[in-house]
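A.B. asks: Structure below; questions to follow.
The values are calculated or read from the model by the stated rules, or taken from the named source; none is laboratory data. The model shown is predicted, which means the values in this text are computed figures rather than measured ones. Virtual Cβ from ideal backbone geometry, glycine too; neighbours counted across all protein chains shown. The protein model used for the area step is the full one, side chains on, heavy atoms only, and it has no ligands, DNA or RNA in it. Shrake-Rupley method; radii C 1.70, N 1.55, O 1.52, S 1.80 Å.
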Amino acid sequence: MKSKLAAAPYLIWMAVFTIVPLGLVFYYGLTDQDGNFSIDNLSRMGMYTNIFFRSIWLAVIATVVCLIIAYPLAFILSRMDTHKQGTMLLLVMLPMWMNFLLRTYAWMTLLETNGVINKILGFVGLGPFEMINTQGAIVLGMVYNYVPFMILPLYSVMTKIDNSVIEAAQDLGSNSRQVLMKVIIPLSKPGIMTGITMVFVPSVSTFIISRMLGGGSNMLIGDLIEQQILGTSYNLNLGASISIVLMIFIFMIMAVMNQFDDEEMEGMII
Amino acid sequence: MENNNGTIISLKDIVVEFDGERILKSINLDIKDKEFVTLLGPSGCGKTTTLRIIGGFLNADSGDVYFGGERINDVPPHKRNVNTVFQRYALFPHLNVYDNIAFGLKLKKMPANEIKTKVKEMLKLVNLEGYERRSITKLSGGQHQRVAIARALINQPKVLLLDEPLGALDLKLRKEMQVELKRIQQSLEITFIYVTHDQEEALTMSDTVVVMKDGNIMQVGTPVDIYNEPVNAFVADFIGESNIISGMMRRDFLVEFAGKEFECVDRGFDRNEIVDVVIRPEDIEIVPTIQGQLEGVVESVIFKGVHYEMVIDTLDFKWLVHSTKCEEVGTNVGMRVAPMDIHIMHKTTEE
Ligand SMILES: Nc1ncnc2c1ncn2[C@@H]1O[C@H](COP(=O)(O)OP(=O)(O)OP(=O)(O)O)[C@@H](O)[C@H]1O
Ligand SMILES: [Mg+2]
């Protein structure tokens with residue numbers, strides 16, 4: 001009884017801030033401007049296939065890059081002396097203390113055609129390179145902003161891997177690659193899953209990064225939704241429909257991810 | 001492969017330091033092929049560290065490790081023909097019992113059905129038949145230990161390192177596993193390097209016992225040698241409860257302690273050298289006071305199953321005595337010791 005009582009505030013919180021808004025999204029998504037049931041908006045989704053495809057593709061690349069950067073880093077961190085780990089973790093978190101917009105603006109000035117990087121390259125006679133307003137810039141923005149969300153969950157599962165388990169694997173004849181494949185990756189799988197979710201979901205739905213670094217030609221789903229709700233083509237119902245489709249996509253991708261068992265995981269990474 | 005008169009592993013002047021503190025102070029040890037060697041010593045004396053040097057998990061700050069006459073300082077653990085039963089088991093939590101035990105064989109790419117038979121054999125050996133599919137996280141401490149033994153043993157290494165492999169077992173299972181391990185060691189002809197701080201286990205199982213203290217080897221010898229001829233009071237005390245009392249060597253074959261002179265069988269000490277006198281509790285005979293060399297009052301009696309353990313107070317010393325006869329607390333008794341049961345040792349000078 002007591003535990004039920006204690007759970008009440010959280011249940012109310014969830015009802016007010018999760019279930020009700022979700023209900024509203026579905027309500028708007030499945031009605032037309034006059035409030036009548038309609039799936040017109042959903043059936044118009046074909047128009048935006050390109051944008052969906054681009055969003056998911058860029059988010060996947062950003063997630064993979066984050067994983068590649070974060071995995072070795074998290075492992076090295078987890079093997080350091082405890083007091084060094086604290087300092088290093090602080091360094092990882094430090095950029096997150098700065099405002100998200102500010103960080104992304106900083107990249108704008110760096111990447112511009114007459115920005116800092118091109119100027120420096122100019123001194124050695126290179127460039128100028130077209131960096132801003134490309135898909136590469138968007139991926140860079142996503143990776144830069146979201147890589148800590150990959151590092152932290154990985155780090156937290158890896159600190160739980162005892163050194164003696166790694167030694168046992170070596171003892172039984174595993175070389176470094178086999179230790180990684182047969183012990184470290186399987187044991188850090190929960191962290192990999194969480195990290196992927198925490199990078200992929202904000203990446204696939206971002207609109208600020210793509211607007212600031214991607215220029216007009218690289219619209220993502222986030223931009224599209226924002227346009228419907230706050231922007232020029234004001235159409236709440238269409239915006240909600242797109243959100244529903246995006247949610248379904250994310251849900252499906254996560255479901256597929258969780259299907260991977262250890263064997264497939266190994267195959268995927270080799 | 002085994003040159004050097006059948007020596008399989010040889011440690012030469014091994015020094016290990018952690019944070020500037022010397023943990024192993026120039027260890028020299030030769031281990032013969034197919035031998036059952038036990039490292040015995042109190043907690044923190046460097047037993048696990050010595051095993052880690054042999055296993056390749058730790059590099060010595062100086063000194064060399066030889067395997068069959070070859071220097072293996074730079075050979076990584078996975079290329080050493082050595083397997084380890086780790087002190088804290090170190091089982092793979094993401095694998096079940098079967099896959100833990102099969103781990104080494106799978107790496108060797110052994111055919112699956114062959115692995116299956118071998119794992120079955122191993123499980124039978126360690127008394128865990130039917131546990132194949134059990135998750136590692138759902139085993140008791142003793143079951144963990146037995147899986148760890150099976151996982152290492154299944155690879156049939158030339159040398160098996162066992163770091164207190166029976167520590168978590170109850171007495172009965174422990175005795176059974178002791179016999180079982182000894183039998184396995186003899187039938188598979190594997191060299192066992194066994195770590196324990198249980199002296200009884202060391203004495204019953206080993207061909208050779210290595211007694212360690214504070215990163216030094218105190219004595220190497222057969223269990224009988226170590227028990228009967230301990231080189232110093234530390235070994236004597238560690239290897240079995242002992243009465244250790246300060247004495248003075250009057251001359252060859254005559255020692256003075258507890259205010260009396262005793263005949264003994266030791267010689268070669270300086271005249272009037274201060275020595276440690278070691279007498280085992282079971283070597284003290286209780287006699288009527290008139291016949292006693294020493295006289296004291298029974299202070300306490302504990303029944304120990306086979307014998308009574310008594311503390312007898314002679315005012316300057318409390319003697320531990322084992323006897324099959326029970327004496328009343330508070331009675332005056334006499335004690336006698338045969339000359340050959342009086343062991344004289346040089347005082348150990350602490351470095
Ligand atoms: N990685 C390490 N860093 C610092 N000190 C260490 C390290 N490993 C061991 N030591 C120290 O070295 C000493 C010897 O340790 P070791 O593990 O070899 O002892 P042991 O004889 O196996 O003891 P026990 O019977 O308790 O297992 C201890 O004082 C221990 O604190
Ligand atoms: Mg130890």
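A.B. asks: Given A:VAL60, A:VAL64, which one is of a type outside the set (S, T, N, Q) and free of Cβ contacts under 8 Å to residues at least 60 places away in the same chain?
C.D. replies: The conditions single out A:VAL64.
A.B. asks: In the list B:LEU105, B:LEU161, which residue meets the criterion of being within 20 Å of B:GLN185 (Cα to Cα), more than 16 Å from ligand 2 (Cβ to nearest atom) and of a type outside the set (Phe, Trp, Tyr)?
C.D. replies: B:LEU105
A.B. asks: Does the range B:37-60 include one or more residues that are away from ligand 2 (no atom under 16 Å from the Cβ), over 20 Å from the mean Cα position of the chain (by Cα) and away from every other protein chain (no Cβ under 14 Å)?
C.D. replies: yes
A.B. asks: Turning to a different aspect of this structure: Here are B:VAL65, B:VAL97, B:VAL119: which of them is modelled with pLDDT of 95 or more, within 14 Å of chain A (Cβ to nearest Cβ) and over 24 Å from A:ARG177 (Cβ atoms)?
C.D. replies: B:VAL119
A.B. asks: Which numbered condition trips up B:VAL275, out of (1) touching an Asp or Glu at 6+ places or on another chain (Cβ under 7 Å); (2) outside any loop (DSSP other than H, G, I, E, B); (3) closer than 21 Å to B:GLN219 by Cα?
C.D. replies: Evaluating B:VAL275 over (1) touching an Asp or Glu at 6+ places or on another chain (Cβ under 7 Å); (2) outside any loop (DSSP other than H, G, I, E, B); (3) closer than 21 Å to B:GLN219 by Cα leaves (1) as the failure.
A.B. asks: Filter the range B:74-94 for residues that are away from ligand 1 (no atom under 16 Å from the Cβ) and within 15 Å of B:ILE154 (Cβ to Cβ); which is farthest from the other protein chains (Cβ to nearest Cβ)?
C.D. replies: B:ASN81
Here is a yes/no grid of residues against (1) facing chain B (nearest Cβ under 10 Å); (2) under 16 Å from the mean Cα position of the chain (by Cα); (3) without any contact (Cβ under 8 Å) to a residue 60 or more places away in the chain; (4) not in a helix (DSSP H, G or I):
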position	(1), (2), (3), (4)
A:SER156	no, no, yes, no
A:ILE161	yes, no, no, yes
A:SER164	yes, no, yes, no
A:PRO186	yes, no, no, no
A:VAL199	no, yes, no, no
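A.B. asks: Also: If a residue has to be within 16 Å of ligand 1 (Cβ to nearest atom) and either small (Gly, Ala, Ser) or touching a Phe, Trp or Tyr at 6+ places or on another chain (Cβ under 8 Å) (or both) to count, how many in the range B:179-197 make the cut?
C.D. replies: Total meeting the criteria: 1.
A.B. asks: Assuming A:VAL179 fulfils every condition listed in (1) open to solvent by less than 20 Å² (accessible area, probe 1.4 Å); (2) under 14 Å from A:PHE75 (Cα atoms); (3) touching a Ser or Thr at 6+ places or on another chain (Cβ under 9 Å) apart from one, which condition is it?
C.D. replies: (3)
Matching residues to (1) more than 30 Å from A:MET80 (Cα to Cα); (2) more than 14 Å from chain B (Cβ to nearest Cβ):
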position: A:ILE120; (1), (2): yes, yes
position: A:GLN135; (1), (2): yes, yes
position: A:ASN145; (1), (2): no, yes
position: A:ILE192; (1), (2): no, no
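A.B. asks: Sticking with this structure for a sec: Test each condition in (1) more than 9 Å from chain B (Cβ to nearest Cβ); (2) surrounded by 22 or more Cβ atoms within 10 Å (Cβ to Cβ) for A:ALA168 and report the one that comes out false.
C.D. replies: For A:ALA168, the failing item is (1).
A.B. asks: If you don't mind, another one. Regarding the range B:265-285, can at least one residue be identified that is surrounded by fewer than 15 Cβ atoms within 10 Å (Cβ to Cβ) and over 20 Å from B:THR348 (Cα atoms)?
C.D. replies: Yes, because at least one residue in the range B:265-285 is surrounded by fewer than 15 Cβ atoms within 10 Å (Cβ to Cβ) and over 20 Å from B:THR348 (Cα atoms).
A.B. asks: Identify, please: which residue in the range B:326-346 is among the charged types (D, E, K, R) and not in a loop (DSSP other than H, G, I, E, B) and is, among those, surrounded by the most Cβ atoms within 10 Å (Cβ to Cβ)?
C.D. replies: Taking the candidates together, the pick is B:ASP341.
A.B. asks: Right, next: Which one is nearest to ligand 2 (Cβ to nearest atom), of the residues in the range B:209-236 that are in contact with a Lys or Arg (Cβ under 8 Å, 6 or more places away or on another chain) and open to solvent by 20 Å² or more (accessible area, probe 1.4 Å)?
C.D. replies: Taking the candidates together, the pick is B:ASP214.
A.B. asks: What residue, of B:LYS109, B:LYS138, is within 12 Å of chain A (Cβ to nearest Cβ) and open to solvent by 20 Å² or more (accessible area, probe 1.4 Å)?
C.D. replies: B:LYS109
A.B. asks: Here's another thing I want to ask about it. Taking the range A:197-220 as the region of interest, how many residues are at pLDDT 90 or above and open to solvent by less than 20 Å² (accessible area, probe 1.4 Å)?
C.D. replies: 9
A.B. asks: Restricting the search to the range B:21-34, which residues are near ligand 1 (Cβ under 10 Å from one of its atoms) and either open to solvent by 70 Å² or more (accessible area, probe 1.4 Å) or aromatic (Phe, Trp, Tyr) (or both)?
C.D. replies: Answer for the range B:21-34, where residues must be near ligand 1 (Cβ under 10 Å from one of its atoms) and either open to solvent by 70 Å² or more (accessible area, probe 1.4 Å) or aromatic (Phe, Trp, Tyr) (or both): B:GLU21, B:ARG22.
A.B. asks: Okay, next question. Do you know which of the residues in the range B:146-177 that are away from chain A (no Cβ under 14 Å) and not in a helix (DSSP H, G or I) is surrounded by the most Cβ atoms within 10 Å (Cβ to Cβ)?
C.D. replies: So, considering only residues that are away from chain A (no Cβ under 14 Å) and not in a helix (DSSP H, G or I), the one surrounded by the most Cβ atoms within 10 Å (Cβ to Cβ) is B:LEU166.
A.B. asks: Still on this structure, please answer the following. Working only within the range B:123-135, note down all residues that are assigned to a helix (DSSP H, G or I) and surrounded by fewer than 21 Cβ atoms within 10 Å (Cβ to Cβ).
C.D. replies: Of everything in the range B:123-135, those that are assigned to a helix (DSSP H, G or I) and surrounded by fewer than 21 Cβ atoms within 10 Å (Cβ to Cβ) turn out to be B:LYS124, B:LEU125.
A.B. asks: Within the range B:61-88, how many residues turn out to be within 16 Å of ligand 2 (Cβ to nearest atom) and open to solvent by 40 Å² or more (accessible area, probe 1.4 Å)?
C.D. replies: 2
A.B. asks: Go through the range B:35-58 and give me each residue that's within 12 Å of ligand 1 (Cβ to nearest atom), assigned to a loop (DSSP other than H, G, I, E, B), at negative phi and open to solvent by 20 Å² or more (accessible area, probe 1.4 Å).
C.D. replies: B:PRO42, B:SER43, B:PHE57, B:LEU58
A.B. asks: Let me ask something else about it. Of these, B:LEU173, B:LEU166, B:LEU161, B:LEU203, which one is assigned by TED's automatic domain parsing to the domain that holds B:SER43, within 14 Å of ligand 1 (Cβ to nearest atom), farther than 20 Å from B:PHE57 by Cβ and in contact with a helix residue (DSSP H, G or I) (Cβ under 7 Å, 6 or more places away or on another chain)?
C.D. replies: Just one listed residue meets the conditions, B:LEU166.
A.B. asks: Within the range B:59-73, can you find the residues that are part of a loop (DSSP other than H, G, I, E, B) and either more than 16 Å from ligand 1 (Cβ to nearest atom) or not small (Gly, Ala, Ser) (or both)?
C.D. replies: Within the range B:59-73, B:ASN59, B:ASP61, B:GLY68, B:GLY69, B:ILE72, B:ASN73 qualify.
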